[in-house]
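Visitor: A single structure is presented below for examination.
Computed from the coordinates by the stated procedures, all read-outs in this text should not be read as laboratory data. Given the structure is predicted, the values throughout are model-derived calculations rather than measurements. Virtual Cβ from ideal backbone geometry, glycine too; neighbours counted across all protein chains shown.
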Amino acid sequence: MAVLNLGLVSPLLVLHSNPSRATARHRRSSVPRFVCSADAQPQQHRPKATVMMNAGIPSVLGQCLGGIGTVALLTASLFLVDPAIAFKGGGPYGSEVTRGQDLSGKDFSGRTLIKQDFKTSILRQANFKGAKLLGASFFDADLTGADLSDADLRGADFSLANVTKANLTNANLEGAQTTGNTSFKGSIITGADFTDVPLRDDQREYLCKLADGVNSTTGNATRDTLLCN
């Protein structure tokens, strides 16, 4: 696959500069000439196309890209896109960057953040009270002391997350993922719905000692959703 090289990316495509010689034959053009070549091919088989740099580097890029095809254009675009865009909103996502950020104490209460990406973020004492967080990812996030009361957390991913001392009062975690070392130690779970949440045996046993109340939305008793004896 061909990739652009302007000193920024892989040297599979190189722009060679051959300035015009100061002779009478070449004086009619003082514009540098550039040659596009695919370095991945043997020297004797390299296709070359000379282009005049009348509009600067962008002009050369346009003609070179046209010569090497759509694949190079798509590959080059990956290097030119702001990496943060991949974690911004669009569709059901919120507009701000929330992955890998320190969002301690931030107020997300009552907001609709369906499928929002909070992977590896620090969310200590963050306020998610009443937020719609269906399918949101808290993978490897730190939610110590966060307020998740009344939050809709169906299908959310808490894998490897630290959910210690969090307030999960009346939260709906139906179908949430908790693989790995997810910890709910010290959390308030009164009225929380853990239906179909794959908890480790030690976590289930621990939570059953704290479980009480009924979820006001689903009508399910917390102990029943935890399959407590």
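Visitor: Long-range amide H contacts for Asp107: which residues qualify at under 5 Å (H placed 1.01 Å from N, peptide plane, sequence gap of 5 or more or a different chain)?
Guide: The list, which skips near neighbours in sequence, is Asn127.
Visitor: Related question: Need one number: convex hull volume per residue for segment 82-229, Cα atoms only, in Å³.
Guide: 86
Visitor: Around Thr179, under 12 Å between beta carbons, what's the net of Lys plus Arg minus Asp minus Glu among the other residues?
Guide: -1
Visitor: Can you put Lys132, Lys209 in order, fewest other beta carbons within 10 Å first?
Guide: By the 10 Å Cβ count, ascending: Lys209, Lys132.
Visitor: Still on this structure, please answer the following. Quick one: what does P(r) look like for segment 163-214 with 10 Å bins over all Cα pairs, in whole %?
Guide: The percentages, shortest bin first, are 27, 67, 7.
Visitor: Ranked by Cβ crowding within 10 angstrom, fewest neighbours first, how are Ser159, Ser109, Ser216, Ser187 ordered?
Guide: Listed from fewest to most nearby Cβ atoms, that is Ser216, Ser109, Ser159, Ser187.
Visitor: Provide, for segment 82-229, the number of lysine pairs with alpha carbons under 16 Å apart, each pair being eight or more places apart or on different chains.
Guide: Here the count comes out as 10.
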